[in-house]
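Visitor: I have a structure I would like to understand better, so I am pasting it below and will then ask my questions one at a time.
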Amino acid sequence: ELAFVGLNPAGSTYEPPLFSTERGNAYRLERWGANGRPTALQVQVGRMYDEIARAGPGSPSASDLMDATLAAHFCPFRSPGWASLQSRQESIEFSAALWRDILDVANPRVLICLSDAGIHLARVLEDKGAHLRSEPEVIWTGWGDITCALAHYASSQGPTLLVRLPHLSRFKIFGRPQSRHAVR
């Protein structure tokens, strides 16, 4: 039902591919920061799931919701930053083809995307025949001119909500009083 999609794995050190973390959501279970601590991104993602879990009566716990979520990167290739990704156009094309296949199988109702992953996945949805039901709702986050957006798509497979968030490692909107209205 829910997918959380980052842009691509960060870092500059090679790590062998890992298809899946079967123990649960890597954002919750793994520690990517110094001294075995969670990174700012992991903290923000955890807070985001706390907000989602609180949103409705009878919702699962944040941990259960995280573990039931498809969590992946739009592009599977690691780089220190998106701007330094090698062969970026080819990587985007490869990743879009991969996501067309993924969405044939997974078909989540909600896609929560960080940064440009939302732009790329919107194109994938459109390539698969989905169309916007109305103009995306753009929401100011309380960080200068940084926004998030909600876009409702319709397709033969049903409705899909695409949520585009700023990259949560840089823009810590969850738990920030100035961003409370955007989180709601």
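The values are calculated or read from the model by the stated rules, or taken from the named source; none is laboratory data. All figures in this text were calculated on a predicted structure; none of them were measured in a lab. FYI the Cβ positions are ideal-geometry reconstructions off the backbone, even for glycines, and counts take in every protein chain you see. Protein only, heavy atoms only, side chains kept; ligands, DNA and RNA dropped before computing areas. Shrake-Rupley method; radii C 1.70, N 1.55, O 1.52, S 1.80 Å.
Visitor: Tell me, yes or no, whether the range 105-114 has at least one residue that is open to solvent by 60 Å² or more (accessible area, probe 1.4 Å), in contact (Cβ under 8 Å) with a residue 24 or more places away in the chain and not acidic (Asp, Glu).
Guide: No, every residue in the range 105-114 fails to be open to solvent by 60 Å² or more (accessible area, probe 1.4 Å), in contact (Cβ under 8 Å) with a residue 24 or more places away in the chain and not acidic (Asp, Glu).
Visitor: Give me the residue from the range 70-102 that is of a type in the set (D, E, K, R) and over 20 Å from residue 27 (Cα atoms) and, out of that set, surrounded by the most Cβ atoms within 10 Å (Cβ to Cβ).
Guide: Ranking the qualifying residues of the range 70-102, first place goes to 88.
Visitor: Residues of the range 36-69 being open to solvent by 60 Å² or more (accessible area, probe 1.4 Å) and closer than 25 Å to residue 101 by Cα, which ones?
Guide: 67, 68
Visitor: Among the residues of the range 148-180, write down those that are more than 24 Å from residue 132 (Cβ to Cβ) and outside any loop (DSSP other than H, G, I, E, B).
Guide: Once the filter is applied, which keeps residues that are more than 24 Å from residue 132 (Cβ to Cβ) and outside any loop (DSSP other than H, G, I, E, B), the range 148-180 yields 177, 178, 179, 180.
Visitor: What pairs can you find where one residue is in the range 1-26 and within 19 Å of residue 96 (Cα to Cα), the other is modelled with pLDDT under 70, and their Cβ atoms are less than 9 Å apart, with a gap of 6+ or different chains?
Guide: Matching pairs, first to second residue: 9/15.
Visitor: Same structure, new question: Any residue at all in the range 163-172 that's in contact (Cβ under 8 Å) with a residue 24 or more places away in the chain, open to solvent by less than 50 Å² (accessible area, probe 1.4 Å) and under 23 Å from residue 107 (Cβ atoms)?
Guide: yes
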